[in-house]
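The values are calculated or read from the model by the stated rules, or taken from the named source; none is laboratory data. This one's a predicted model, so the numbers in the text were calculated from it and none came from an experiment. Reconstructed Cβ throughout: ideal geometry from the backbone, glycine too, with neighbour counts over all protein chains shown.
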Amino acid sequence: MTDLSTSYLGLQLTNPIIVGSSGLTDSVEKIIHLEAMGAGAIVLKSLFEEEIIMQMEETIYTMTNRHFVFPETLDYMETIDKEDILRSYLELISESKKSVGIPIIASINCVSSQKWTYFAKEIEKAGADALELNLFFLPSDNQRGEKEILEATFEIISKVKGSIRIPVTLKISAYQSNLIGYVEHIDQAGVEGIVLFNRSWLPDIDINHFLVSSGFVLSSPSDLGNTLRWVSLVSGRVNCDIAASTGVHDGIGLIKLLLAGANACQIVSTLYINDLSQIRKMTDELSKWMITHKFKSIGEFRGRLSQANSGNPAAWERVQFMKNFTNFV
Ligand SMILES: Cc1cc2nc3c(=O)[nH]c(=O)nc-3n(C[C@H](O)[C@H](O)[C@H](O)COP(=O)(O)O)c2cc1C
């Protein structure tokens, strides 16, 4: 018998497939279905502070039909609406925990630093097994350098870690400068895991209407290479666990990332493109591959091809095509 179990954030997963934060994980019914389809764990759709604020503004506009409101009304609305959206998120956590046996990881994205702590505490009380902090700093602000981003990240981690006991994992962007240094710092700050990487909303241009529009939302298997490179480089340099995210579309991608050193893989796009049966196809593929190579557990091969263990560390850092590709057709 092959044992597909893995440990991530101190949680025991029956297999290394985690369904990533998305519209696939925003209701109890969907979560029950995902467990039945073989998911090893779930990351809930993120709770976005910005979304709460936007909804609040819309409600105010609908109620008053004007953009100006008295400040006291705003204060009142702020309490009511923020609490409402947060309450339904907390209900999603507690109801999911009652309905399934697999780990439920909550996810938050906050703008104001004090909200990270407040939301985190409430999420822990609602019964989440772990908390994923959804961080994304696009390095487009030349006034906000690496130092400021690192300080902001530290502040968030220390506030959140100081207020809850459940494991915390940080989902970061591939655009982060000095990525290895950044990851080593956040590891030292005491997080239990990192997720490499979040995928951002991408802009596009509507050439007929001269407008900025929404780009293609889903990843493709060709996005795997970047995730693979960084999982391999980071693995062995940090104490915390690694979840790979972006470009994992099939069982082969999953196996590659485990070999590179991931503890688990988060998948989203492949489930939108195919369907939820893809989860079982991927675990079956992993199982068959393990039988072929006589591995009884994931621990026997995980990280075997990380940069530190691969025997060819330079290959993971190579970026230029050089002369080997001169005749590429
Ligand atoms: C429709 C959609 C909604 C998403 N919503 C969230 C979200 O709320 N929070 C978050 O951290 N990531 C969100 N993501 C990003 C995914 O969790 C994941 O990191 C990303 O899609 C890369 O994985 P993939 O290549 O398997 O799609 C979303 C992705 C998609 C496609």
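Descriptive notes on the structure:
- Test: residue in the stretch 246-259 that is within 16 Å of the ligand (Cβ to nearest atom) and on the phi > 0 side of the Ramachandran plot: yes
- Where S200 falls short, out of the listed (1) surrounded by 12 or more Cβ atoms within 10 Å (Cβ to Cβ); (2) modelled with pLDDT of 95 or more: (2)
- Considering residues of the stretch 198-210 that are more than 10 Å from the ligand (Cβ to nearest atom) and outside any strand (DSSP E or B) only, the residue nearest to A174 (Cα to Cα): L202
- Looking across the stretch 23-42, the residues that are touching a Leu at 6+ places or on another chain (Cβ under 8 Å) and either assigned to a loop (DSSP other than H, G, I, E, B) or without any contact (Cβ under 8 Å) to a residue 60 or more places away in the chain (or both) come down to T25, D26, S27, K30, M37, G40.
- Here is the figure for the stretch 230-242: residues that are more than 15 Å from the ligand (Cβ to nearest atom) and either in a helix (DSSP H, G or I) or more than 21 Å from R318 (Cβ to Cβ) (or both) total 7.
- Verdict on G38 being in contact with a helix residue (DSSP H, G or I) (Cβ under 8 Å, 6 or more places away or on another chain), surrounded by fewer than 24 Cβ atoms within 10 Å (Cβ to Cβ) and modelled with pLDDT of 95 or more: yes
- Sole exception among (1) of a type in the set (G, A, S); (2) crowded, with 20+ Cβ neighbours inside 10 Å; (3) in a strand (DSSP E or B) for S213, by number: (2)
- Check on N226, within 12 Å of the ligand (Cβ to nearest atom), surrounded by fewer than 19 Cβ atoms within 10 Å (Cβ to Cβ), more than 18 Å from G40 (Cβ to Cβ) and modelled with pLDDT of 95 or more: yes
- Near pairs, Cβ below 6 angstrom, 6+ apart or cross-chain, from the stretch 241-257 (over 24 Å from P167 (Cα atoms)) to any residue that is at pLDDT 95 or above and small (G, A, S): G247/S219
Table: residues versus (1) in a strand (DSSP E or B); (2) within 17 Å of the chain's Cα centre (by Cα); (3) surrounded by fewer than 18 Cβ atoms within 10 Å (Cβ to Cβ); (4) within 16 Å of the ligand (Cβ to nearest atom).
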{"site": "R144", "(1), (2), (3), (4)": "no, no, yes, no"}
{"site": "A152", "(1), (2), (3), (4)": "no, no, yes, no"}
{"site": "G162", "(1), (2), (3), (4)": "no, no, yes, no"}
{"site": "L170", "(1), (2), (3), (4)": "yes, yes, no, yes"}
{"site": "Y175", "(1), (2), (3), (4)": "no, yes, yes, yes"}
{"site": "D187", "(1), (2), (3), (4)": "no, yes, no, no"}
{"site": "L196", "(1), (2), (3), (4)": "yes, yes, no, yes"}
{"site": "S219", "(1), (2), (3), (4)": "no, yes, no, yes"}
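- Scanning the stretch 260-278 for residues that are aliphatic (A, V, I, L, M), more than 25 Å from C240 (Cα to Cα) and either crowded, with 24+ Cβ neighbours inside 10 Å or within 13 Å of the ligand (Cβ to nearest atom) (or both) yields L271, I273.
Conditions tested, residue by residue: (1) outside any loop (DSSP other than H, G, I, E, B); (2) buried (at least 17 other Cβ atoms within 10 Å of the Cβ).
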{"position": "D84", "(1), (2)": "yes, no"}
{"position": "Y89", "(1), (2)": "yes, yes"}
{"position": "I93", "(1), (2)": "yes, yes"}
{"position": "E124", "(1), (2)": "yes, yes"}
{"position": "L133", "(1), (2)": "yes, yes"}
{"position": "P139", "(1), (2)": "no, no"}
{"position": "K147", "(1), (2)": "yes, no"}
